[in-house]
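Computed from the coordinates by the stated procedures, all read-outs in this text should not be read as laboratory data. Computed from a prediction, not measured in an experiment: that's the story for all the values here. Here the Cβ is made from the backbone with ideal geometry for all residues, glycine too, and neighbour counts use every protein chain on show.
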Amino acid sequence: MKIALLGYGRMGKAIEAIALERGHQIVYKQDFDLQEGTLQAAQVAINFSIPDAAVQNIKTAMDAKVPVVCGTTGWLAHYESITAYCHKQQSGFLYASNFSIGVNLFFKLNKALAQWMAPHSSYQARLEETHHIHKLDAPSGTAITLAEGILETGRYKQWALDSDQDSDLSIHAVRTGEVPGTHTVHYTSAVDEIQIKHEAFSRTGFALGAVVAAEWLAGKQGVYSMEDVLNVS
Ligand SMILES: NC(=O)c1ccc[n+]([C@@H]2O[C@H](COP(=O)([O-])OP(=O)(O)OC[C@H]3O[C@@H](n4cnc5c(N)ncnc54)[C@H](OP(=O)(O)O)[C@@H]3O)[C@@H](O)[C@H]2O)c1
């Protein structure tokens, strides 16, 4: 498969390594100060650029009739307009806040646990996420997806960073060292606590998931998620 890499930072490089290992070809690479190869030659684009560049990169690929797998977080205010643009351009689009297969199973576990916990008002939920110091957005896109899974129950009004209101689902974001990504959901009562936690050991899981998603999306039109790729919807 011929792949375009939009964003050639830490994730772009990890994705390149996995893609080559799986027998794919990188036909286009774009970074802030790099443009190499031909975007139009790609069967699929994988965007892991910075939040401010994501929307334009996605549109440019869709204009070139190249479907896009997007892992950049922190641009979701534009999600509706991008999916509309995808339909208009008859292109393909798949966004995931986290491409790791383990995290996508963790999302399912989080939703199930949220349903079980919702009637138990003695437990207050909160989220904690820890990432490396280079990460530009907070909270992480993964934490927002986890929060949305819990908000579906109607037990909390909204998520908010470091809130002490019972009606809010509080998210605490920690930035330290080179941590690839750790997410913990806590349910705390006066007498005990339940925790579920996912800890990434490296970027390899994200990169592999993004390449698997790209293999799945190539040749398709429409808007998809990792639930479609993993067949767990
Ligand atoms: N969904 C997931 O599974 C997942 C997993 C890990 C990370 N992420 C997200 O993926 C994104 C990238 O993470 P990262 O760790 O790889 O960050 P990174 O190392 O900072 O890489 C981002 C790259 O984008 C480049 N860039 C800047 N402007 C660009 C443009 N107009 N077009 C193309 N590239 C451009 C940057 O170049 P310069 O450095 O020269 O500015 C940088 O090399 C972040 O939003 C992060 O939160 C998602």
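Got the relative contact order for segment 78-187 handy, in percent, Cα pairs under 8 Å and 6 or more residues apart? Could you put the intermediate results ahead of the total?
Working: 148 pairs, mean separation 34.3, N = 110.
So the answer I get is 31 percent.
Across bins of 10 angstrom width beginning at 0, how are the C-alpha pair distances of the chain distributed, in whole percent?
Computed distribution, short to long bins: 8, 32, 34, 19, 7, 1, 0.
Roughly speaking, what % of Cα-Cα pairs in segment 101-199 are separated by over 23 Å, rounded to a whole number? Show your work: numbers first, answer last.
Working: 976 of 4851 pairs.
For segment 101-199, the share of Cα pairs beyond 23 Å comes to 20 percent.
Give the percent of DSSP beta bridges with both residues in segment 101-199 that are antiparallel, rounded to the nearest 5. Please report the intermediate quantities before stating the final value.
Numbers: 14 of 24 bridges.
Given both bridge residues lie in segment 101-199, the antiparallel proportion sits at roughly 60 percent.
Report, in deg cm²/dmol and to the nearest 500, the calculated mean residue ellipticity at 222 nm for the chain, where each DSSP H run with n ≥ 4 adds -39500 (n - 2.57) and the sum is divided by the residue count. It would help to have the intermediate numbers written out before the result.
On the way: 7 runs with 82 residues, N = 233.
Mean residue ellipticity, 222 nm, calculated: -11000 deg cm²/dmol.
Any idea which of 57, 169, 11 is furthest toward the positive side of the dipole for the chain, if Lys and Arg beta-carbons carry +1 and Asp and Glu beta-carbons -1?
57
Taking springs between alpha-carbon atoms closer than 10 angstrom, which of 211, 179, 103 fluctuates most in the Gaussian network model of the chain?
Evaluated over the chain, the most mobile residue of the options is 179.
Determine, for segment 101-199, the count of lysine pairs separated by eight or more sequence positions (or lying on different chains) whose alpha-carbon distance falls under 23 Å.
On the way: 108/157; 108/197; 111/157; 111/197; 135/197.
So the count works out to 5.
Run the numbers on segment 138-187 and let me know its relative contact order in percent, using alpha-carbon pairs under 8 Å that are six or more apart.
Working: 46 pairs, mean separation 14.7, N = 50.
Value for segment 138-187: 29 percent.
Please give me the summed charge of the neighbours of residue 200: other residues whose Cβ is under 14 Å from its Cβ, Lys and Arg +1, Asp and Glu -1.
Values: positive: 10, 135, 197, 203; negative: 129, 178, 199.
So the surrounding residues net to +1.
Take every Cα pair under 8 Å in the chain that's 6+ residues apart, average their separations, divide by the length, and report that relative contact order as a whole percent. Walk me through the numbers on the way to the answer.
On the way: 464 pairs, mean separation 50.8, N = 233.
Relative contact order comes out at 22 percent.
Would you list 166, 228 from fewest to most Cβ contacts within 10 Å?
The order, fewest Cβ neighbours first, is 166, 228.
When we measure straight from the Cα of residue 65, which lysines land under 16 angstrom away, once same-chain ones fewer than 8 places off are left out?
Residue 65 reaches 2, 88, 220.
Just want the ordering: 170, 140, 121, from fewest to most Cβ atoms lying within 10 Å of their own Cβ. Provide the component values of the computation, followed by the final result.
Working: 170 20, 140 23, 121 10.
In increasing order of surrounding Cβ atoms, one gets 121, 170, 140.
At q = 0.09 Å⁻¹, what is the log10 ratio I(q)/I(0) for segment 1-106, with the Debye formula run over Cα points and no solvent?
-0.20
Please work out the Cα center distance from segment 130-202 to segment 44-103, rounded to the nearest Å.
Distance between centres, Cα-based: 24 Å.
Points 7 angstrom from Cα along the Cβ direction at residue 105 and residue 132: gap in nanometres?
2.5
Taking the number of other C-beta atoms within 10 Å as the exposure measure, put 18, 150 in order starting with the fewest.
On the way: 18 18, 150 23.
The order, fewest Cβ neighbours first, is 18, 150.
Determine the percent antiparallel among the DSSP beta bridges restricted to the chain, to the nearest 5.
Restricted to the chain, the bridges split so that about 40 percent are antiparallel.
Provide the gained length on full extension for the span residue 38 to residue 118, in nm with one decimal, where the gain is 0.36 nm per separating residue minus the Cα-Cα distance. Mind dumping the intermediate values first?
Details: separation 80, 0.36 × 80 = 28.80 nm, distance 5.07 nm.
So the extension gain works out to 23.7 nm.
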